[in-house]
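*Asks:* Following this message is one structure expressed as structure tokens.
The values are calculated or read from the model by the stated rules, or taken from the named source; none is laboratory data. The model shown is predicted, which means the values in this text are computed figures rather than measured ones. When we count neighbours, we look across all protein chains shown, and the Cβ atoms used for this are built from the backbone with ideal geometry, even at glycine. Accessible surface areas use protein heavy atoms only, side chains included; no ligands, DNA or RNA. Shrake-Rupley method; radii C 1.70, N 1.55, O 1.52, S 1.80 Å.
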Amino acid sequence: MHIETKAIHAGRGVDPSTGAVTIPLHPSTTFERGADGPFPSSYEYIRDDNPTRHAFETAMAALEGGRAAVAFSSGMAAITAVFEAHPSRGNRIVVPDDMYFGIRSLIDETDIGRRFDFVPVDMRDMDALRAAVVAAPTGLVWIETPSNPLIRVVDIRAVCDLAHDAGALAVVDNTWATPLLQRPLEFGADAVMHSATKYIGGHSDLMAGVVVLPGASPLERPLRMIQRHKGSVAAPFDCWLALRGLQTLPIRMRAHCDGALKVAEALSKHPRVESVLYPGLPGDPGHTLARQQMAGYGGMLSFIIRGGAEAAMTVAGRLELIVRATSLGGTHSLIEHRASVEGPKSMAPAGLLRISVGLEHPQDIIDDLHQALSAVE
Ligand SMILES: Cc1ncc(COP(=O)(O)O)c(C=O)c1O
């Protein structure tokens, strides 16, 4: 089946007890045990498993071309679980130097940073990556592409091969691309992680995370045990919303990509814009690789305004349609001055604004940016 069809049907079917076409929400925390002992439905307690969560996990596994999926209460819970679950071949984890800032906060401000040795590297530089991976036994290589907020594209297959040659696992954060634009398991990744809070949910109204695994995986049992016993599981209602979001993910991603390309092209022609970071632009350093690896260039872009932080804040402050807010992947276009959000350790240039291009008409987004940019002309 095509991915558009899987997005609607995988893990779901007409409810046999009522004939309901859309999947019912099962908020029940507990399930009846048979008089003879076993649980006839196989469900027992919500933390172990739940029909709505099970359907979401099954659907995600189908979309990513995996065999199993494990859903968590947030993207960060999923990331933490992967770090904790990776086989203990040394506690060294190689991460991208440009990555979702929440991981840096997780490292700096929780015991995760003390328990593991995190090594940041620019994964576009294969020599630097090889040096980092072989310098000491490495258990895990964490990949994020396109990256946040510099929108860099990393060669998933090459990084996975390099990690495997060194005996490490390779896991991809596929939140920004979604399985519609790239399926990292096809390039050899050992797992794919999503913040379902973003494009999968798609409407800025749920929080969940998920890890998808290919065939037999050394990560599966530890991830299941972390999910079950540490307890950061996805709630049934969030899974139900995510399943609803999945149904329109293919058409939403097409519209996000189309809108982002038009916005990127318009911004790249503006005299106050120094550069636009978007792999859909032919001059972007990630363009050729993105064309090979992705089925679209994504809905996220960053641009750097001449005049640094002050000019960037002035432009963001003048916007009338695009909302100044964090997060991404919803219907509303959102803009963020990443340097001030991330603080002194940010890789984001002072003049950088990141946009999550929503589903409004692209021309309205462009008009809003033009009127705001006129404040600094
Ligand atoms: C690429 C990426 N990964 C992970 C996360 C964390 O997800 P959550 O906010 O659902 O914990 C985010 C959140 O912005 C993200 O952008």
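*Asks:* Between Arg115 and Ser268, what FRET efficiency comes out of the Förster formula 1/(1 + (r/R0)^6) with R0 = 56 Å and r the beta carbon distance, rounded to 0.05?
*Replies:* 0.80
*Asks:* Over all distinct alpha-carbon pairs, what is the Kirkwood Rh of the chain in angstrom? Numbers along the way, then the final one.
*Replies:* On the way: mean 1/r = 0.0468 Å⁻¹.
The Cα-based Kirkwood calculation yields 21.4 Å.
*Asks:* Hey, can you find the accessible area per residue of the chain for me, probe 1.4 Å, expressed in square angstrom?
*Replies:* On the way: 15390 Å² over 377 residues.
I get 41 Å² per residue for this part.
*Asks:* Test of the criteria: in region 176-283, which trypsin sites (Lys or Arg not before Pro) are in a DSSP loop and have at most 13 other Cβ atoms within 10 angstrom of their Cβ?
*Replies:* When the trypsin sites (Lys or Arg not before Pro) of region 176-283 are filtered for loop state and at most 13 Cβ neighbours within 10 Å, Lys269 remain.
*Asks:* Suppose every Lys and Arg Cβ carries +1 and every Asp and Glu Cβ carries -1, with no other charges. What dipole size does the chain come out with about its Cα centre, to the nearest 20 debye?
*Replies:* In debye, rounded to 20, the chain gives about 240.
*Asks:* Here's another thing I want to ask about it. Rounded to the nearest 500, what is the 222 nm mean residue ellipticity of the chain from helices alone, with -39500 (n - 2.57) per DSSP H run of 4+ residues and division by all residues? Intermediate results must be reported in sequence, preceding the final value.
*Replies:* Working: 14 runs with 142 residues, N = 377.
Value at 222 nm, helices only, nearest 500: -11000 deg cm²/dmol.
*Asks:* So if we plug the beta-carbon distance of Glu44 and Val14 into 1/(1 + (r/R0)^6) with R0 = 35 Å, what FRET efficiency do we get, rounded to 0.05?
*Replies:* Efficiency, rounded to the nearest 0.05: 0.90.
*Asks:* What is the extension gain from Glu377 to Thr58, computed as 0.36 nm multiplied by their sequence separation minus the C-alpha to C-alpha distance, in nm to one decimal?
*Replies:* Gain on stretching Glu377 to Thr58: 109.7 nm.
*Asks:* State to the nearest 20 debye the size of the charge dipole of region 251-376 about its Cα centre, where the only charges are +1 on K and R beta carbons and -1 on D and E beta carbons.
*Replies:* Around 240 debye, computed over region 251-376.
*Asks:* Antiparallel DSSP bridges in the chain: what percent, to the nearest 5?
*Replies:* Values: 23 of 41 bridges.
Antiparallel bridges: around 55 percent, rounded to the nearest 5.
*Asks:* So, how do all the Cα-to-Cα distances of region 251-376 break down into 5 Å bins, in percent, from 0 on up?
*Replies:* 2, 12, 22, 25, 21, 13, 4, 1
*Asks:* Quick one: Cα centre-to-centre distance for region 94-131 and region 43-71, in angstrom?
*Replies:* Each part reduced to its Cα centre gives a spacing of 29 Å.
*Asks:* Treat each spin label as a single point 7 Å out from the Cα along the C-beta direction, and report the Arg244 to Thr331 distance in nm.
*Replies:* 1.1 nm
*Asks:* Going through the DSSP H helices of the chain, which span 30 Å or more along their own axis at the Cα atoms while scoring at least 0.0 as a mean Kyte-Doolittle hydropathy?
*Replies:* Correct list, ordered by number: 236-268.
*Asks:* Can I ask one more? Which lysines have a Cα less than 29 Å from the Cα of Lys262, not counting those fewer than 8 places away in the same chain?
*Replies:* Lys6, Lys198
*Asks:* At 7 Å along Cα-to-Cβ for each site, give me the label-to-label distance between Thr288 and Thr22 in nm.
*Replies:* Taking the simple label geometry, Thr288 and Thr22 are separated by 4.7 nm.
*Asks:* Rank these by accessible area, largest first, 1.4 Å probe: Thr29, Thr80, Thr18.
*Replies:* Thr18, Thr29, Thr80
*Asks:* Next question, about the same structure. Counting only the heavy atoms of the protein chains, how much of Asp364 is accessible to a 1.4 Å probe, in Å² to the nearest 10?
*Replies:* 80 Å²
*Asks:* Can I ask one more? Find, to one decimal place in angstroms, the Kirkwood hydrodynamic radius of region 148-224, where the mean of 1/r is taken over every pair of different Cα atoms and then inverted.
*Replies:* 13.4 Å
*Asks:* Measure off, as a whole percent, the carbon and sulfur share of the 1.4 Å-probe accessible area of the chain, all protein chains present.
*Replies:* Carbon with sulfur: 55 percent of the solvent-accessible area.
*Asks:* Under the 0.36 nm per residue contour assumption, what length would be gained going from the current alpha-carbon distance of Glu84 and Phe237 to full extension?
*Replies:* Result for the pair: 52.5 nm of gain on full extension.
*Asks:* Tell me the net charge near Ile305. Cut-off is 13 Å between Cβ atoms, Ile305 excluded, with +1 for each Lys or Arg and -1 for each Asp or Glu.
*Replies:* +2
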